[in-house]
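See structure below.
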Amino acid sequence: MLKQILSKLPRKLQKSESTDAATNDSGNNTSRLGHVFQCTNVGSAFSSKLNVVKRVSSAVFPASIAAGAEAVDPHLSFKDVQNPQKQNLFISKLNYCCEVFDLNDMEKQDLKRQMLIDIVDFVTSGSAKFTETAISAVCKLCVANLFRVFPPKSRSTSTGGETEDDEPIFDPAWSLLQNVYDLLLHFVSSNSLDAKVAKKYLDHAFILRLLDLFDSDDPRERDCLKTILHRVYGKFMIHRPFIRKGISNVMYCFVFETERHNGIAELLEIFGSVITGFALPLKEEHKTFLWRFIDKDPKLASTVIKGLLRYWPLTNSQKELMFLSEIEEILEMITMVEFQKIMVRLFRRLGYCLNSSHYQVAEKAHLLWNNEHIINLIAQNRQTIIPIIIPALERNTQKHWNNAILNLTSNVKKLVHDMDEELVLACQLDLKEEQLRSIAAAEKRKLAWEQLENVATPQLVSTTVSFLVEPATCAVTG
């Protein structure tokens, strides 16, 4: 009886068989990881990555599932399989969606779109488990569907990069891309995602390709990318310095090379959020990264204003308005010590803005005087600032073409007059004397030129006469 029972038990694997099985499993794991790393490569490896995806998806994904797991048909619904099989179905669907179909093949596109919706719903429900196999499959899916080369820019760059009036261009594949972005967003936001494991697949190469997508013409895609990059920055602390450096490189390329990039506004928004989250005291790395931490460290205000004055957009009125708005925000937070370091250079520039022939720039410069904090700074340093501003105000009174600006100038003059009447009168007197000296100097130059002309005219006539008479004299002699 005992022998009969023992004979029915499964035979134990021999040592050599178990070793072979382990070797095969190890080989499968190595091959699987190799495919993932191929997906994160750029350049020529991109085409080979797609080939890998196609081979895996067409074979019912045996290599995409952990050793010993059962492969599941990706066309099944999550409702049609038992709970133990849902994770395998999840991975099978992820691998199927790695394959990129022609946009004209509507049947396959619709099937893939519906499968992506099922995946997103499954992840949203909290049933998905982000094992290492699932993480690699998600990253592979994103690489295959999102990372692509944009067509050359067809719009003219003669406007110097200003594209406010351009109509947005919408990607025809957005209905599919949106589902992929939804999946990526839920993936990086999931509380069950182990960042230590995920960082091996969502690596520096992946982040660089993600930053490249910010140049998309589709504003919907850039908005999704902005949210996702925020979450990646918050989730993967080890990647934070690299992300900041990558964004900085994009901006350097925009400023010094291309002068054209669609995602600068979104990247600046990310920078703003990053800066807001910096802890005190600020690290030297952060100061080198960007000098706009005034709300955290007011001592940097003078440095930032010097930078703005250095790169002031003299020939671009719209950017000049942006700079004036930035100046106003900084002055609301600046300390007196820092203000005194830059007030002379700043108000010389503001004087030019007061006289601007572009009425919006002139208006914005005048409206700075409505800010109580700025007025307080001016009042405490009026001995230095008022002599700089009075000439600009007087020039507006005499020459500016816009009636609204003339009214604003009158208001500012009254405000300055109430601040220190004696100083204003002294400045106006000095200005009149300077104008008289300028008139006298101009008259003196005019007289000097007239004298030079009078001295030169007789010599010119004499030379001309002698030139005409000399041939006749020669003829008589002959």
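The values are calculated or read from the model by the stated rules, or taken from the named source; none is laboratory data. Remember, it's a predicted structure, so these values are computed and weren't measured experimentally. Heads up, the Cβs are rebuilt from the backbone with ideal geometry, glycines too, and the neighbour counts pull from every protein chain shown. Ligands, DNA and RNA are excluded from the accessible area calculation, which covers all protein heavy atoms including side chains. Shrake-Rupley method; radii C 1.70, N 1.55, O 1.52, S 1.80 Å.
When Val416 is tested against (1) open to solvent by 60 Å² or more (accessible area, probe 1.4 Å); (2) among the aliphatic types (A, V, I, L, M); (3) more than 23 Å from Phe323 (Cα to Cα), just one condition goes unmet, and that condition is (1). Take Tyr252 and decide whether it is free of Cβ contacts under 8 Å to residues at least 12 places away in the same chain, of a type outside the set (Gly, Ala, Ser) and assigned to a helix (DSSP H, G or I). It is true that Tyr252 is free of Cβ contacts under 8 Å to residues at least 12 places away in the same chain, of a type outside the set (Gly, Ala, Ser) and assigned to a helix (DSSP H, G or I). Residues in region 335-366 that are acidic (Asp, Glu) and closer than 20 Å to Thr384 by Cβ: Glu338 alone.
For region 90-126, filtering for residues that are open to solvent by 10 Å² or more (accessible area, probe 1.4 Å) and in a loop (DSSP other than H, G, I, E, B) leaves 9.
Scanning region 228-238 for residues that are touching a residue at least 12 places away in the same chain (Cβ under 8 Å), open to solvent by less than 50 Å² (accessible area, probe 1.4 Å) and more than 14 Å from Arg209 (Cα to Cα) yields Tyr233, Phe236. Contact map, region 204-227: residues that are among the β-branched types (Val, Ile, Thr) paired with residues that are open to solvent by 30 Å² or more (accessible area, probe 1.4 Å), Cβ distance under 8 Å, separation 6+ or inter-chain. Pairs shown: Ile207/Phe242; Thr227/Leu185. Residues that are at pLDDT 80 or above and surrounded by 12 or more Cβ atoms within 10 Å (Cβ to Cβ) do not occur anywhere in region 282-296. In the set (1) touching a residue at least 24 places away in the same chain (Cβ under 8 Å); (2) part of a helix (DSSP H, G or I); (3) open to solvent by 60 Å² or more (accessible area, probe 1.4 Å), Gly351 fails one condition alone, (3). Within region 304-334, restricting attention to residues that are in a loop (DSSP other than H, G, I, E, B) and of a type in the set (S, T, N, Q), which residue is least open to solvent (accessible area, probe 1.4 Å)? By that ranking, first place goes to Asn316.
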